[in-house]
Each structure stands twice: as structure tokens, then as C-alpha cells.
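The structure appears right after this line, and notes come after that.
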Amino acid sequence: MAALRERFTDELKAAMKGGDKPRLATIRLIQAALKDRDIEARGAGKEPLSDDEILGVLQKMLKQRQESIAVYAQNNRPELAEAEQAEVAVIESFMPKQMDEDEVRAAIEKAVEATGAASMKDMGKVVAALRADYAGRMDFGKASALVKARLSA
């Protein structure tokens, strides 16, 4: 069993004992998403998700909630935005520390050198290398723009 999965179980038990219903609900959402992905992987003959893949699922869940927060704020629904923000806080508690822009730029330079990327044609290789090494720690939307800028120069 992956370390993150054990942590989800431990946190679920703690939330149940502490009566923290919002945290409990969010952890159950995370576990349901992971179970769906495990079933999908099993159908394809793959192993259950690794910690890096779990971080990718959490990253996707964060992005979905942040998009929802923006929509709710735009439509003047602050109570719904607050509920989503509470879920974001719980999900982020399971994520490793996010890299700052200088760390991202350094990682991009390292990936460019490692892959031998020289032009925009190599952008996919660089982003794939970043995803392999920094899953869950880097915002790949922003990183892709930085990779593009680096390879265009």
C-alpha cells in the first residue's frame, strides 16, 4: 500500500473521531477518485496508482475546484466558493510543497539539458521529463509556458 493511501486512511479516521465533517467528506471524495482510477487501471491490466500518480489525481482535483471557485465568484455565489475553498485546503494538505518560480526555472534548465532539447519540437520531451520528476510539486500549466519561452529563445 502506498504511503499516501495510508495517510488518507489515517486522516479519515482522525476526521471521523474529531467530528470534522467537511474534512471527512473531502477525504472520502479523494478516496473515491482514487478507487475509480484503480478500477480503470485494473481494467487495463495495470497496477494500482503509485504515489506520483496519486499526486497527479490530487493536482487535477485542485484545478477543478479552483475553476469552480472562479465560476462561483463570477456568479455571486460566495457560499459555494467557500465550500470549494475548504476542499482545496484539505486537498492541499496532502500535496508536497509547491515549487517557486526560481525552482521551476532551474528544473526546466536541468530537463532541457537532460533531454538535449534544442527547439519547440522538443517541448513534449521536456514537459514529460518534468512530469516524471516533479509530479504534484509543479504547476504544469505555468511550467509549459516557461518551457515554451525557454525553447523559443
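The values are calculated or read from the model by the stated rules, or taken from the named source; none is laboratory data. What you see is a predicted model; the values in this text were computed from it and never measured. Neighbour counts run over all protein chains shown; Cβ positions are idealised from the backbone, glycine included.
Odds and ends about this structure:
- In the stretch 122-153, residue farthest from the chain's Cα centre (by Cα) [restricted to those that are among the acidic types (Asp, Glu) and in a helix (DSSP H, G or I)]: Asp122
- Condition met for Pro48 (of a type outside the set (Lys, Arg) and not in a helix (DSSP H, G or I)): yes
- Filter result for Asp38 (loosely packed, with under 12 Cβ neighbours inside 10 Å and out of contact with any helix residue (DSSP H, G or I) (no Cβ under 8 Å at 6 or more places or on another chain)): no
- Comparison of Gly124, Gly136, Gly141 shows that the only residue that is in contact with a helix residue (DSSP H, G or I) (Cβ under 7 Å, 6 or more places away or on another chain) and either of a type outside the set (A, V, I, L, M, F, W, C) or not assigned by TED's automatic domain parsing to the domain that holds Leu29 (or both) is Gly136.
- Listed by first and then second residue, the pairs with beta-carbon distance under 9 Å, at least 6 apart or on different chains, first residue in the stretch 88-107 and within 23 Å of Glu6 (Cβ to Cβ), second among the basic types (Lys, Arg) and at pLDDT below 90, are Met95/Arg137; Pro96/Arg137; Lys97/Arg137; Gln98/Arg137.
- Meets criteria (in the same structural domain as Ala25 (by TED's automatic domain parsing), without any contact (Cβ under 8 Å) to a residue 40 or more places away in the chain and within 17 Å of Ala33 (Cβ to Cβ)) for Gln64: yes
- Total residues in the stretch 52-104, condition under 20 Å from Leu130 (Cβ atoms), assigned to a loop (DSSP other than H, G, I, E, B) and among the polar types (S, T, N, Q): 1
Quick grid of which residues meet (1) of a type in the set (S, T, N, Q); (2) touching a residue at least 40 places away in the same chain (Cβ under 8 Å); (3) buried (at least 18 other Cβ atoms within 10 Å of the Cβ):
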| position | (1), (2), (3) |
| --- | --- |
| Ala70 | no, no, no |
| Gln74 | yes, no, no |
| Glu79 | no, no, no |
| Ser119 | yes, no, no |
| Val127 | no, no, yes |
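- Ala106 being at pLDDT 90 or above, surrounded by fewer than 14 Cβ atoms within 10 Å (Cβ to Cβ) and farther than 26 Å from Gln66 by Cα: yes
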